[in-house]
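See below for the structure under consideration.
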Amino acid sequence: MKSSSHRDMMILVADSNMEAAVRGLLSREQALEIRTVDAHIARHPQRDSGCCKGGVDFLSPFTNQFLHALLMFDREGCGEDERMATDIENRIEERLSNSGWNDRARAVVLDPELEVWVWSESPHVEQCLGWNDPTVSLREWLIARGYLHTDRCKPVRPKEALEAALYESHTPRSSAIYRHLAERVPLRGCTDRAFCKFADVMQLWFACRSNTT
């Protein structure tokens, strides 16, 4: 039995953008249907490859300080790009379990990268990316420039599309963009596999418990 003094969750992420996105998501308890979570978020100095190769060792000293652990990074750039994201997750979760976390830790590998979470049909995306062109929507511009196929809702290369849109709108790239998007874009209906896993894990660990009378 864990002591009540233990914090809820230790989260290891690859960079400041991912940290900002996670902080934004955790602030939306109602949308995620979770209680307030006492989480500590750390960044691995070697980013995605560091999380993939050294994340388990990074987290292992904290098994007795936190109830749960979450390891998050991009598939692209992690050093195992040729493998499926789910295969990477399964291997890391087995190692996390053997390192002392047992069934209290999970891995979420974003495929191909964090920016896939940016793109949705919400008008908040245009606002957060500083898109103010009244003659063409951001989606129309992405299609015209070849970043987006007409039959898809997300660019094939989400990071390149984001950087191009920010350049076009003269908006400096910053971690605040990721947090603002995470705080504002509707979560219901999001079908990205990694996001759905993140949401499911949060609900498994921290679901709201209604009082019974």
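Every number here is computed from the coordinates shown, using simple stated rules; none is lab data. From a predicted model like this one, the values you see are computed outputs, not experimental measurements. Glycine also receives a Cβ, built like all others from the backbone with ideal geometry; neighbour counts cover every protein chain displayed.
Structure above, values below:
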read-out: Translational D in µm²/s for the range 116-176 (Stokes-Einstein at 20 °C, 1.002 mPa s, Kirkwood Rh from C-alpha pairs); value: 184 µm²/s
read-out: Longest DSSP-loop-exposure-free segment, GluC sites (Glu not before Pro), the chain, at most 14 other Cβ within 10 Å; value: 122-213
read-out: Dimensionless Rg ratio for the chain, taking C-alpha atoms and the 2.2 N^0.38 Å reference; value: 1.07
read-out: For the chain, calculated [θ]222 nm from helices alone, where every DSSP H run of n ≥ 4 adds -39500 (n - 2.57); value: -12000 deg cm²/dmol
read-out: Dipole-positive endmost among Met18, Ser169, His68 within the chain (Cβ charges, Cα centre); value: His68
read-out: Descending semi-axes in Å of the range 80-160, equivalent ellipsoid built from Cα gyration tensor; value: 36, 14, 8
read-out: Local electrostatic count at Gln203 - Lys and Arg +1, Asp and Glu -1, tallied over other residues with Cβ under 15 Å; value: +2
read-out: Bridge type composition, the chain - antiparallel percent by DSSP, nearest 5; value: 5 percent
